[in-house]
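Asks: Handing you a structure now.
The values are calculated or read from the model by the stated rules, or taken from the named source; none is laboratory data. What you are looking at is a predicted structure, and each value in this text was computed from that prediction instead of being measured. FYI the Cβ positions are ideal-geometry reconstructions off the backbone, even for glycines, and counts take in every protein chain you see.
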Amino acid sequence: MLPPQWAPPCGSECTKKYAALTQIPWRVFCKKGCDTDGETWEECLSACNEICYKDPVFKDRQWSAYIDRSPGAAVYSEECFHACVAGCGYKFEIDPEKVGQVRPNRPCTTLPSVKPSPVQKPSLLATKSGEHTEDVPCTSA
């Protein structure tokens, strides 16, 4: 464990805010907000959008959003965004009230709907007792 004076102050704030074990994923996203490369508050918020919302990985291939590592469900993406924004707020020393008012600047996107092709079930061969069919192999278990 690092002594408090050696721990980055932003990361320490994230740890305090998301201290419960059930909040570990949000603590991670808060720290990602702390560690963004953005030089401004706006750039940091933009990075949070990229981190927390699924986008296609391959250009013009909407289905490739499935392999993006962002949280999948809309609720998780929103929680991730708020945690990341909290990290940005700590990084740039923004008033917590203002941080709490930030909303994502993009609509909640759902994953592309891929309809599975209909699967044809094999039909059961109806045989009457005593009737023999050539295409059914005679096997025993």
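Asks: Can you go through E50, E42 and tell me which one is under 19 Å from G100 (Cβ atoms) and at pLDDT 80 or above?
Replies: Details: E50 fails: under 19 Å from G100 (Cβ atoms).
Of E50, E42, the one residue that is under 19 Å from G100 (Cβ atoms) and at pLDDT 80 or above is E42.
Asks: If you check C34 against the conditions, is it within 16 Å of R103 (Cα to Cα), touching a Gly at 6+ places or on another chain (Cβ under 6 Å) and surrounded by 15 or more Cβ atoms within 10 Å (Cβ to Cβ)?
Replies: On the way: within 16 Å of R103 (Cα to Cα): no; touching a Gly at 6+ places or on another chain (Cβ under 6 Å): yes; surrounded by 15 or more Cβ atoms within 10 Å (Cβ to Cβ): yes.
No, not satisfied.
Asks: State whether one or more residues within the stretch 75-91 are assigned to a loop (DSSP other than H, G, I, E, B), under 19 Å from F29 (Cα atoms) and modelled with pLDDT of 55 or more. I'd like the intermediate steps shown before the answer.
Replies: Let us first name the residues in the stretch 75-91 that are assigned to a loop (DSSP other than H, G, I, E, B), namely none.
Checked the stretch 75-91: no residue is assigned to a loop (DSSP other than H, G, I, E, B), under 19 Å from F29 (Cα atoms) and modelled with pLDDT of 55 or more.
Asks: Working only within the stretch 48-100, note down all residues that are touching a residue at least 40 places away in the same chain (Cβ under 8 Å), of a type in the set (A, V, I, L, M) and under 20 Å from P9 (Cα atoms).
Replies: Selection gives A83, V85, A86, I94.
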